[in-house]
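The values are calculated or read from the model by the stated rules, or taken from the named source; none is laboratory data. If you're wondering where the values come from, they're calculated on a predicted model, not measured in any experiment. All Cβ positions, even for glycine, are placed from backbone atoms using ideal geometry, and neighbour counts span all protein chains on display.
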Amino acid sequence: MGTIVYYTTGILLLCAGIFILLERRFPYTRGLPFFREGWWVDLVWYTLIQSYFLKIFIFDYIILPIDRRWHLSSHHLVGNWPLWGQLLFFLVVHDLYIYWFHRWQHNSKILWRTHEAHHSNKEIDWLAGTRSHAVEILINQTIEFAPIILLGANPLVVPLKALLDAVWGMYIHSNIDVRSGKLQYFLNGPEMHRWHHANDRNVFYANFSTKFSCWDWLFGSAYLPDKKPAEYGLYYDYPRDYFLQHAYALKRVDEKDLIRRNRLFRGYYDCRRKFMEWFKNK
């Protein structure tokens, strides 16, 4: 099992490099800097730190205790299926769930609080999709991976599906000028999903699909005009700091006012800013 993780990690890094090169060569939005605003927050806090600790919590403290208590995986309900069949089954079923949960998040004031961080980037690239509130990831990845383990699927399904999720997430957010033609009616890509991140009221209730765009076309939420978005992000101010982005879901905080009034937070904020300036100049 450890070997496959090394392979999937290597493939993931390779794909990230390919997306970076394609963004430089065929940009959807020209002039987007590599180190855009929020890039380091997305890489360090969301991609590396949050993902690492949530993986441990979800698997070791939620899914595995459930399995030890009821021994559901021992029944191997899908374990006799071919590996490709198991992988395809969980891909399609989870993607349909994500479509409806995502749509619900945009229609619920409470659930929107756990999702708005994902829409807060003003510039969208291959890394922007990693920005998701910890509660949102906790819900979605528990629902994603618990059935795989509890139904006794092949252990390879977890790393393979995680790889596909990560690569497709980078792809649909990437700053690549893709023209997929009629394929866009079935498989999702940057053409539709970048519109979902636009600061445009027309798409606040549109383009909820992740991998299979057919859900949007089937359920009447597709939006694909023959133009590009004018701007991205939220129509209201949103914190730039990782911790404030999480606190904002519980209490609306004015980041600039907090920096001005709170000496301790101002010191932390200045320290972080100076470190990033030092790092960029090295």
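Lys227 passes every criterion in (1) over 22 Å from Gly17 (Cβ atoms); (2) touching a residue at least 60 places away in the same chain (Cβ under 8 Å); (3) not in a helix (DSSP H, G or I) apart from (2).
Does at least one position in the stretch 49-57 carry a residue that is of a type in the set (S, T, N, Q), under 30 Å from Ala198 (Cα atoms) and touching a helix residue (DSSP H, G or I) at 6+ places or on another chain (Cβ under 7 Å)? For the stretch 49-57, residues of a type in the set (S, T, N, Q), under 30 Å from Ala198 (Cα atoms) and touching a helix residue (DSSP H, G or I) at 6+ places or on another chain (Cβ under 7 Å): present. Checked against (1) within 30 Å of Ile20 (Cβ to Cβ); (2) touching a Ser or Thr at 6+ places or on another chain (Cβ under 9 Å); (3) among the hydrophobic types (A, V, I, L, M, F, W, C), Leu151 passes all but condition (1). Among the residues of this structure, Glu144 counts as one that is within 30 Å of His76 (Cα to Cα), acidic (Asp, Glu) and in contact with a Lys or Arg (Cβ under 8 Å, 6 or more places away or on another chain).
Residues of the stretch 184-213 that are buried (at least 18 other Cβ atoms within 10 Å of the Cβ) and over 25 Å from His133 (Cβ atoms): Gln184, Glu191.
From the list Phe19, Phe34, Phe53, pick out the single residue that is within 17 Å of the chain's Cα centre (by Cα), surrounded by fewer than 12 Cβ atoms within 10 Å (Cβ to Cβ) and within 27 Å of His115 (Cα to Cα). Show your work before the answer.
Details: Phe19 fails: surrounded by fewer than 12 Cβ atoms within 10 Å (Cβ to Cβ); Phe34 fails: within 17 Å of the chain's Cα centre (by Cα).
So the residue among Phe19, Phe34, Phe53 that is within 17 Å of the chain's Cα centre (by Cα), surrounded by fewer than 12 Cβ atoms within 10 Å (Cβ to Cβ) and within 27 Å of His115 (Cα to Cα) is Phe53.
The requirement of being buried (at least 16 other Cβ atoms within 10 Å of the Cβ) and over 30 Å from Glu191 (Cα atoms) is satisfied by Leu244.
Cβ-Cβ contacts under 7 Å between residues 6 or more apart (or on different chains), taken from a first residue in the stretch 79-91 that is modelled with pLDDT under 95 to a second residue that is surrounded by 12 or more Cβ atoms within 10 Å (Cβ to Cβ) and part of a loop (DSSP other than H, G, I, E, B), are listed as Gly79/Gly152; Gly79/Ala153; Gly79/Asn154. Tyr232 - would you say it is within 20 Å of Trp112 (Cβ to Cβ), hydroxyl-bearing (Ser, Thr, Tyr), surrounded by 11 or more Cβ atoms within 10 Å (Cβ to Cβ) and touching a residue at least 60 places away in the same chain (Cβ under 8 Å)? Here the answer is yes, as Tyr232 does meet what is asked.
Across the stretch 83-129, what is the number of residues that are among the polar types (S, T, N, Q) and surrounded by fewer than 19 Cβ atoms within 10 Å (Cβ to Cβ)? Outline the logic, then answer.
Filtering the stretch 83-129 for residues among the polar types (S, T, N, Q) gives 86, 105, 107-108, 114, 120-121.
Now narrow it down to the ones that are surrounded by fewer than 19 Cβ atoms within 10 Å (Cβ to Cβ): 107-108.
Qualifying residue count for the region: 2.
All of Asp95, Asp67, Asp60, Asp42 fail the test of being modelled with pLDDT of 95 or more, acidic (Asp, Glu), touching a strand residue (DSSP E or B) at 6+ places or on another chain (Cβ under 7 Å) and assigned by TED's automatic domain parsing to the domain that holds Ala153, apart from Asp95. Among the residues making up the stretch 239-265, those that are in a helix (DSSP H, G or I) and closer than 16 Å to Gln50 by Cα are Tyr242, Phe243, Leu244, Gln245, His246, Ala247.
If we only count helices (runs of 4 or more DSSP H) wholly inside the stretch 92-207, which ones have 3 or more residues that are touching a residue at least 40 places away in the same chain (Cβ under 8 Å), under 16 Å from the mean Cα position of the chain (by Cα) and within 24 Å of Asp42 (Cα to Cα)? I'd like the intermediate steps shown before the answer.
Details: elements: 109-112, 134-150, 157-173, 190-196.
In the stretch 92-207, the matching helices (runs of 4 or more DSSP H) lie at 134-150, 157-173.
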